[in-house]
């Protein structure tokens, strides 16, 4: 089997689009489509449902993706091992994170690159719910998540403690108020992140507990788009404070305390508990531990 075809298929599944997969691989969209057809012909199964507007994997596609990620993990282990035979301070570090969790890695990556400039660091955007599985499978060396995976085969280290911030536009009626009650929010239009997360569930539960209507009139796929819509006063939102602290400092957003809602958000680094880390990954863990201790 041509492993390049598997790589193309994995990229299509990860990017969720033929055009984005083409950009990620440096190939044209027709070339990506042709590679997928070649792989389907070789395996004798359809991997992608062509009747859907977005990329939807068939049952066979999900099975092939799982095995393709295993191949990718073995390929990374082989390349890292061969590189480290020549120089223990070169290689590649592959970390998985979603959009918001990646922000908490920036300072650590900056410090790490300062100490180990020869190591290539790649942060791969992944669904937070899938990161523990990908780390265990070997397609990721480490992952940054905001929940406890509850998996004994994973080691977990807290690297940052944040909180959800209730933010509004400077033009909003709450902008000059330092604190509001959750009962004041029943008439607000919330701009929600349409990715399932334990913090979304906690906010929903808090509103249900206090019998306050939660009007999620707008749902968006990224924190960046939510932030921009709040700035334009099209709604309000709960967002990780790390993701909005610059806008709050610049006066582009206002944070207002909600008395009944204090949601702490711990960012955790997960990695295999029973598998030896590469030298590059172990060095990153050492940097994180030193910074956390400091």
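None of the figures in this text is laboratory data; all of them are computed from the coordinates on show. Given the structure is predicted, the values throughout are model-derived calculations rather than measurements. Cβ placement follows ideal geometry from the backbone for every residue including glycine, while neighbour counts extend to all protein chains displayed.
Rounded, prolate or oblate for segment 161-265? Axes are the square roots of the Cα gyration tensor eigenvalues, ordered a ≥ b ≥ c, and the cut-off for rounded is a/c under 1.5. Rounded shape, in that the Cα axes give a/c under 1.5. Modelled label positions at residue 276 and residue 2, each set 7 Å beyond Cα in the direction of Cβ, lie 3.6 nm from each other. For segment 1-68, the mean projected area of the C-alpha convex hull, equal to one quarter of the hull surface, is 4.0 nm². With the simple model of a label 7 Å out from the Cα in the direction of the Cβ, residue 151 to residue 125 spans 2.2 nm. A straight chain from residue 248 to residue 194 at 0.36 nm per residue would run longer than the Cα-Cα distance by 17.1 nm.
The listed peptides 119-125, 226-232, 213-219, ordered by packing as a protection proxy, come out as 226-232, 119-125, 213-219 (highest mean of other Cβ atoms within 10 Å first).
Panel order for 69, 247, by other beta carbons found within 10 Å of each beta carbon, from fewest to most: 247, 69. Counting neighbouring Cβ atoms within 10 Å and putting the fewest first, the residues 75, 162, 286 line up as 286, 75, 162. Highest mobility in the GNM of the chain, judged by mean-square fluctuation with C-alpha springs under 10 Å and restricted to 132, 170, 240, is found for 170.
Helix 198-209 axis versus longest C-alpha principal axis of the chain: approximately 30°, rounded to the nearest ten.
Taking the number of Cβ atoms within 10 Å of each Cβ as an exposure proxy, the fewest-first ranking of 223, 131 is 223, 131. Dividing the summed helix terms, -39500 (n - 2.57) for each DSSP H run of n ≥ 4, by the number of residues in the chain produces a 222 nm estimate of -13500 deg cm²/dmol to the nearest 500.
Ranked from largest, the principal axis spans of the Cα set of the chain equal 61, 52, 35 Å. Projecting label points 7 angstrom from Cα along Cα→Cβ for residue 50 and residue 241 puts them 5.3 nm apart.
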